[in-house]
Amino acid sequence: MDQNKKKRPALFLDRDGTVNYDPGYISSPKKIQLLYGAREALIRFRAAGYLIIVISNQSGIGRGYFSDRELTLIHQRMDEKLGPAKPDAYYYCPHIPDDRCSCRKPETGNLERAYQEWPIDKNRSVMIGDSLSDLEAGRNFGIASFLVLTGYGHKSLQRSREKYPQQVQAFDNLARFADYFLGK
Ligand SMILES: [Mg+2]
Ligand SMILES: [Zn+2]
């Protein structure tokens, strides 16, 4: 019976600058350093029943800076560091902008794919990231979308004021976002 496959809300999550420090292209597991409060925030989302799904642009692959194999090792390292908060899935775009693919945020290809592969309740799902491309991917997909002020967040917030008529909601970090979204 399909009733067992109960739909769950998803936290669609950018990676670099949102969960871990973003020093530019993360090309090796050694470069993974979690941001303050990220692990605890994700533990809270999981406890609240959310699927945790990373949606990231990794054009470093298309540019030849690292391989898919290395990215797998990077994600394994992230899983180790996140422990009980490790994501349910990682979806990434390996392309460069000139490829004009449908999976590079702000395009929604990877969100659509996740939606097909997981029992996701879209109405209760949310996207969070530090770039306008994260925000726009979430909006294009039709879910609530927010900025974190880690990573490029401050720059993104400033750009959002020039680009959008409406104000964007932004949070100091994932932990503050969890406070807002899940309640303290
Ligand atoms: Mg980012
Ligand atoms: Zn792509």
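Filtered by the rule that a residue be closer than 30 Å to residue 101 by Cβ and under 16 Å from the mean Cα position of the chain (by Cα), the range 26-40 gives 26, 32, 33, 34, 35, 38.
Residue count for the range 105-164 under the criterion of being more than 20 Å from residue 177 (Cα to Cα), more than 16 Å from ligand 2 (Cβ to nearest atom) and either touching a Gly at 6+ places or on another chain (Cβ under 9 Å) or β-branched (Val, Ile, Thr) (or both): the result is 1.
Looking at the structure I just gave you, is residue 125 within 16 Å of ligand 1 (Cβ to nearest atom), buried (at least 19 other Cβ atoms within 10 Å of the Cβ) and either at pLDDT 95 or above or within 22 Å of residue 50 (Cβ to Cβ) (or both)? When the stated conditions are applied, residue 125 does not pass them. Of the set (1) within 13 Å of ligand 1 (Cβ to nearest atom); (2) under 17 Å from residue 20 (Cβ atoms); (3) surrounded by fewer than 18 Cβ atoms within 10 Å (Cβ to Cβ), all apply to residue 130 but (3).
Residue 66 - would you say it is away from ligand 1 (no atom under 16 Å from the Cβ) and either under 23 Å from residue 155 (Cβ atoms) or buried (at least 20 other Cβ atoms within 10 Å of the Cβ) (or both)? No. Figure legend. Inter-residue proximity from the range 91-106: first residues in contact (Cβ under 8 Å) with a residue 40 or more places away in the chain and on the phi < 0 side of the Ramachandran plot, second residues of a type in the set (D, E, K, R) and more than 9 Å from ligand 2 (Cβ to nearest atom), beta-carbon distance below 7 Å, spacing 6+ or different chains. Indicated pairs: 105/134. Scanning the range 13-33 for residues that are of a type in the set (Val, Ile, Thr) and more than 12 Å from ligand 1 (Cβ to nearest atom) turns up just one, 32. Residues of the range 40-63 that are among the hydroxyl-bearing types (Ser, Thr, Tyr) and either within 15 Å of ligand 1 (Cβ to nearest atom) or part of a helix (DSSP H, G or I) (or both): 56, 59.
If the condition is being surrounded by 13 or more Cβ atoms within 10 Å (Cβ to Cβ) and not in a loop (DSSP other than H, G, I, E, B), then the range 22-39 contributes 29, 31, 34, 38, 39. Within the range 146-156, is even one residue surrounded by fewer than 14 Cβ atoms within 10 Å (Cβ to Cβ) and without any contact (Cβ under 8 Å) to a residue 24 or more places away in the chain? Yes, that holds for at least one residue.
The values are calculated or read from the model by the stated rules, or taken from the named source; none is laboratory data. Model, not experiment: these values are computed from the prediction. Positions of Cβ are backbone-derived with ideal geometry, glycine not excepted, and every protein chain shown enters the neighbour counts.
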